1. Can you tell me how many residues within segment 303-330 are under 14 Å from the mean Cα position of the chain (by Cα), in a loop (DSSP other than H, G, I, E, B) and not hydrophobic (A, V, I, L, M, F, W, C)?
2. Got a sec? Which of Thr48, Thr97 is near ligand 1 (Cβ under 10 Å from one of its atoms) and hydroxyl-bearing (Ser, Thr, Tyr)?
3. Please count how many residues of segment 662-678 are crowded, with 16+ Cβ neighbours inside 10 Å and either closer than 22 Å to Ile649 by Cβ or charged (D, E, K, R) (or both).
4. Among the residues of segment 255-276 satisfying the criterion of being under 25 Å from the mean Cα position of the chain (by Cα) and in a helix (DSSP H, G or I), which is nearest to Gly325 (Cα to Cα)?
5. I'd like the residue in segment 19-39 that is under 24 Å from the mean Cα position of the chain (by Cα) and hydrophobic (A, V, I, L, M, F, W, C) and, out of all such residues, is farthest from ligand 1 (Cβ to nearest atom).
6. Here's a check for you: in segment 242-255, which residue that is farther than 17 Å from Trp304 by Cβ and among the polar types (S, T, N, Q) is surrounded by the most Cβ atoms within 10 Å (Cβ to Cβ)?
7. Using the structure shown, decide if Gln29 is touching a Gly at 6+ places or on another chain (Cβ under 7 Å), closer than 28 Å to Val302 by Cβ and away from ligand 2 (no atom under 16 Å from the Cβ).
8. Could you tell me whether segment 370-391 includes any residue that is modelled with pLDDT of 90 or more and away from ligand 2 (no atom under 16 Å from the Cβ)?
Amino acid sequence: MTNSALPTQQDLHKLLKTHFGYDGFRPNQQEIIESICNGQDALVIMPTGGGKSMCFQLPALALDGVALVISPLIALMKDQVDALRANGIKAAYYNSTQPPEETQKVLSDLQHNALDLIYVAPESLQLLDPVLSTIKISLIAIDEAHCISSWGHDFRPAYTQLGYLKRRYPETPLVALTATADRSTQDDIAQQLSIPQAKKYISSFDRPNLYLDVRPGQKRNEQILDFLEDHPFESGIIYCLSRKSTENLAAKLKSNGHNAAAYHAGMSAEQRSKVQEDFINDTTPIICATIAFGMGIDKSNVRWVIHYNMPKNLEGYYQEIGRAGRDGLPSHTVLFYSYADTMQLRQFIDGAKNADYQMAKLDRMQQYAEALSCRRKVLINYFGEFLSQDCGNCDICKNAPAYFDGTVLTQKVLSGVARMQQKEAMGTVIDVLRGSQNAQVYDKGYQNIKTYGAAKDVSWRDLQQYVIQMINQGLLEIRFRESGRLLLTPLSKEVLYDGKKIQLAKPSKEKAKPITKERKPKKPKGSLFEKLRELRAELAREANVAAYIVFSDASLKDMEDQEPVTQKQFLDIQGVGQAKMEKYGADFLKLIKEHLKKPKPKSGSKTYLETKNLIQQGLSLEEIAETRKLTIGSVYNHLIKLHEEGMEIDFYQFIQPVEVKQVHDAILKVADPDKLKSFYEYFKEEMPYWKIRLALFLKGR
Ligand code: ADP
Ligand code: ZN
């Protein structure tokens, strides 16, 4: 922009729509963007996938001059620049890997004011200095700013020199961005960058689109195979502890027909970058990896992350699951948990220097895995935030355990522990309570104590679960360094002597089975989404960019839901700005139109008749769509056609009167009642498009 007046809110929204194809800002984005445009410094802490880049990319378009973006990872830099260019934005990068003719071009573009953004690695910044001092810099953005702090986990020495930037360009707004920084790291960043006055913008760390699932660690391979069957074509990462297990698992998946590869530090750099590239391009959708994998990968459509073993702490766990669902779409995370795993981790830690510190972190991790109430609350709470309501998107919320009065059972266990002089570990305590006749019990004479066999009606596994719950409720203490013996606590005395009541959760039978099959209807083969994905892959190959640079999964999903057939409708799709409309609009519209013409094999009237039959049988539209392998949108169109042809249809077979009312009431409240999408967003994406259409249709009658 050449106009140097401050951009208005409208200007910003317009830029967001035409360049990025988005209708609104994510939390905190607008405030940050406005403050940068006002010339203020900012420190932005936002979780992965929160939309940090937009915070400097949009001001870069709104302000005069070129935005200087410091970014530590060359691979990331290239992806970001590719993505910007795909949106028709003038961006380039400058680093040590480029051939001279390329750097020459970048320098000359800079001098001629032909760039909106320039990405630079901190190590290369000095080489740019002579040019930078002759041109106007609109803003300076320091991405992954935690790299400046030697306390952080990926400290980069070159970052510590960045403090001179603010001194050299005192009038230029400087924004530092990171996803991970505790209070002291935040202060360190602000101080080292010489922006002590910078306003801090700290976003919630919650990632509501991640489904949190913890499953018992039995038969993991089978559970994973079942899981993959329920998630065909999706991209995901399975984290394993050892190199060996990444290879074994990848081989197992491959022999079952899945396209998977292993990734670990023992492979050559070449092999690793090949695996990484194939993953980014969706060529190999599934990676079995040690934790090193995923750092610095900006792949937005990772749909799931599985932990084959429990991580050592919640920080690591959260960072790893955070690699799923950067595009904001629902994504699934699974943690396999077994008590034996935790014992093994404890043994690892035991000899370590800061063992106590690590044990405390492991305790919190274990509490999370064994939580009996909303997992997200436990997790978010750990990171210092408070969630006032259960999340509704974790396995506990979806499948709440049943509680019972476990006071008597607890008393039996506690008194057993007391009578065994607090000397025994969980296994023996359980054996004694169940009246086991094994030699170890007999040798110690435990068959003579009063609680011997007191819980013989409870299965071994269930009793183990209950004892773990008692430990977690603070009723027993476990001494890991003394062979795991169990001790009473002050709280246990309240139960034994003061009649304190204890609630225990029934171990869910269903969960102990290999898997709970999700009843989510699968995307049928040949679904519109599948076709869109294929087209995207083809266009990406042609342009030699990663698939998500063409369109994100979120955009494809929006196309599937809205089925746009005109250019105007296409521009309404999330992530479709002017440049992508021009580049890809025709191809995608053609495909969607062809798809809508479909069910060709059968004659038109017959396919209607089939839908008609199914309607008369009382099936829901979802069921009809699934049976007929059609999109719900198409079935809905049949419904309306049949109605127009005179068929008696009770529309309330498909929609509740209260839903119709909700839609009608929303007409006055939505941003734009002419757009279905406005309704869709108003209902937090929980009311499907066809229902909105139907409700509006019913109003029109
Ligand atoms: P971060 O750097 O914080 O991990 P990104 O900047 O990569 O996150 O953004 C994550 C995803 O969210 C990207 O696909 C980006 O295009 C998308 N995104 C950013 N801002 C918006 C917005 N206002 N509306 C919709 N999507 C957005
Ligand atoms: Zn929950």
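The values are calculated or read from the model by the stated rules, or taken from the named source; none is laboratory data. Keep in mind the model is a prediction, meaning the values are calculated, not measured. Counting neighbours? That spans all protein chains shown, and the Cβs are built from the backbone with ideal geometry, glycine included.
1. Number of matching residues: 7.
2. Thr48
3. 4
4. Across segment 255-276, the extreme among qualifying residues is Gln276.
5. That would be Ile32.
6. Once the filter is applied, the top-ranked residue is Ser245.
7. Judged against the criteria, Gln29 is a match.
8. no
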